[in-house]
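Structure first, commentary second.
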Amino acid sequence: RNDIKNIDVLEDILNIIPSSVGSLTNPNKLSDAFKLMKKQNIALNTIKQYLDYCIDSFLIRKAYRYDVKGKEFLKTQGKYYIVDTGLRNQRLGYRNSDRGYVLENVVFFELLRRGYKVSIGKVGEKEIDFIATKSDNKKYIQVTESLKDERTRERELAPLQATKDHFEKIVLTTDVLFTGTTEDGIKIINLIDWLLKE
């Protein structure tokens with residue numbers, strides 16, 4: 001595009017967003033990152049514009065935050081997901097430590113493919129990875145590579161336990177041994193089985 005004045009800034013955004021998949025961010029945080037890492041002051045409008053270009057070019061998608069208790073969308077922060085993880089690996093190299101974030105990225109786009117509107121859930125100070133809504137149907141979904149560690153299990157279940165309505169609550173994991181239903185009615189489902197289900 002002719003109105004892209006600084007290709008280096010766009011390139012940096014295309015590196016920062018894929019490396020922060022699954023993390024809350026916004027133009028202000030990106031601006032702070034430029035100040036810290038690059039010693040550059042980039043106008044917020046420029047960052048917003050470049051993010052919009054990336055969305056319009058189908059490189060990334062944004063998920064907005066929804067306050068479950070307040071029943072409203074929040075204007076501050078959201079998450080960006082990269083449309084093609086192959087492009088992410090090409091830019092950043094394959095990093096085994098990022099598997100959990102990549103799994104979250106895969107689930108986000110699979111929910112979209114299944115026709116859900118997808119947002120990020122906020123319950124007090126806790127976060128639900130995804131709220132998937134279709135007509136009157138709603139699902140709360142957590143994504144984690146493993147539940148073997150007790151602290152991880154507690155962290156992933158806590159936001160779902162704090163959500164007091166009666167919609168379906170699911171944890172998707174690559175663990176095979178931990179599938180089933182908890183005493184709170186939360187379903188723990190193997191991620192591969194879930195992906196092959198529909």
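The values are calculated or read from the model by the stated rules, or taken from the named source; none is laboratory data. Model, not experiment: these values are computed from the prediction. All Cβ positions, glycine included, derive from the backbone under ideal geometry; neighbour counts span all protein chains shown. With ligands, DNA and RNA removed, areas are computed over all heavy atoms of the protein, side chains included. Shrake-Rupley method; radii C 1.70, N 1.55, O 1.52, S 1.80 Å.
Key figures for this structure:
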read-out	value
Additional length obtainable on full extension of the chain from Lys126 to Asp56, 0.36 nm per residue less Cα span	22.1 nm
Filter on Lys138/Lys197; Lys62/Lys126; Lys69/Lys169; Lys29/Lys187; Lys62/Lys138; Lys5/Lys122 - keep pairs with C-alpha separation over 25 Å	Lys29/Lys187; Lys5/Lys122
Share of pairwise Cα separations in the range 13-128, more than 18 Å, in percent	54 percent
Gyration tensor verdict on the range 92-198 (Cα atoms; rounded if a/c is under 1.5, prolate if a/b is larger than b/c, oblate otherwise)	rounded
GNM top mover of Leu24, Leu103, Leu112 - the chain, alpha-carbon springs below 10 Å	Leu112
Potential lengthening between Val176 and Arg155 on full extension [0.36 nm per residue; Cα-Cα distance subtracted]	5.7 nm
Over the range 108-198, relative contact order from alpha-carbon pairs under 8 Å, at least 6 apart, %	20 percent
Per-pair calculated FRET efficiency, R0 = 22 Å: Leu87 and Lys5 via Cβ, rounded to 0.05	0.40
Rounded percent of accessible protein surface that carbon and sulfur make up, the range 64-153, 1.4 Å probe	46 percent
Gyration tensor (alpha-carbon) shape descriptor, the chain, a/c threshold 1.5	prolate
Candidates Thr163, Thr152, Thr25, ranked by Gaussian network fluctuation over the chain, Cα under 10 Å, top entry	Thr152
Order by protection proxy (mean Cβ within 10 Å, highest first), peptides 77-83, 190-196, 62-68	77-83, 62-68, 190-196
Förster radius 22 Å - calculated FRET efficiency between Ser23 and Asp184, Cβ distance, rounded to 0.05	0.25
Taking the chain and dividing mean pair separation by its residue count, relative contact order in percent (alpha carbons under 8 Å, at least six apart)	14 percent
Accessible area of the range 56-157 divided out per residue, in Å², using a probe of 1.4 angstrom	57 Å²
Share of carbon and sulfur in the accessible heavy-atom surface of the range 5-51 [1.4 Å probe, %]	50 percent
